[in-house]
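J.: Pasting in a structure now, in structure tokens, and then I'll have a few things to ask.
A short reminder: the numbers here are calculations on the coordinates, not readings from a lab. From a predicted model like this one, the values you see are computed outputs, not experimental measurements.
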């Protein structure tokens with residue numbers, strides 16, 4: 001979000017030099033810079049001991065099993081805590097080991113996605129109301145239904161890291 005008016009006092013902001021950051025919106029009344037802000041999310045490739053990954057179907061996004069678990073980071077929560085919480089909420093399973101897989105800019109939604117690979121034992125899912133369906137898919141078969149591999153799709157860099165970890169790339 002790019003600020004035009006001060007969120008505290010409502011005064012129109014001016015552009016003011018902020019050192020190495022260049023010109024940044026500034027409130028003369030509050031004497032405060034307002035740097036652009038964006039949301040942060042965690043995205044998790046959930047994998048089991050059989051080299052299967054969980055793919056979700058969410059009607060608001062797609063009519064196929066196309067996505068990983070993801071969710072917004074809430075204030076006071078770390079990206080890791082969000083990843084574990086979202087998997088528990090959406091799939092009803094517990095992550096046993098969580099590995100960091102990098103950060104990715106998702107430009108179409110102005111989100112910074114914090115990527116993880118979550119390892120768990122294969123079990124049945126207990127789905128939240130946000131998820132229409134989920135299934136375990138053999139890792140090498142997953143791209144058949146995942147969203148296409150193209151710039152901006154943050155799933156594929158995480159997927160490729162997972163394949164490397166398990167020795168399938």
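J.: Which option, (1) 1.09; (2) 1.03; (3) 0.96, is the value of Rg/Rh (Cα atoms, Kirkwood Rh) that was calculated from these coordinates?
T.: Computed from these coordinates, Rg/Rh (Cα atoms, Kirkwood Rh) corresponds to label (1).
J.: A further question follows. Using only Cα atoms, find the angle between the long axis of helix 79-91 and the longest principal axis of the chain, and express it within 0 to 90 degrees, rounded to the nearest 10.
T.: Taking the Cα atoms of the chain, the angle to 79-91 is about 50 degrees.
J.: Additional query: Compute the relative contact order of the chain as a whole-number percentage, counting only Cα pairs closer than 8 Å that sit 6 or more residues apart in sequence.
T.: Relative contact order comes out at 23 percent.
J.: How tilted is helix 155-165 with respect to the longest principal axis of the chain? Cα atoms for both, answer in degrees (0 to 90, nearest 10).
T.: Taking the Cα atoms of the chain, the angle to 155-165 is about 50 degrees.
J.: Right, another one. Take every DSSP beta bridge whose two residues both sit in the chain, then give the antiparallel share in percent to the nearest 5.
T.: 75 percent
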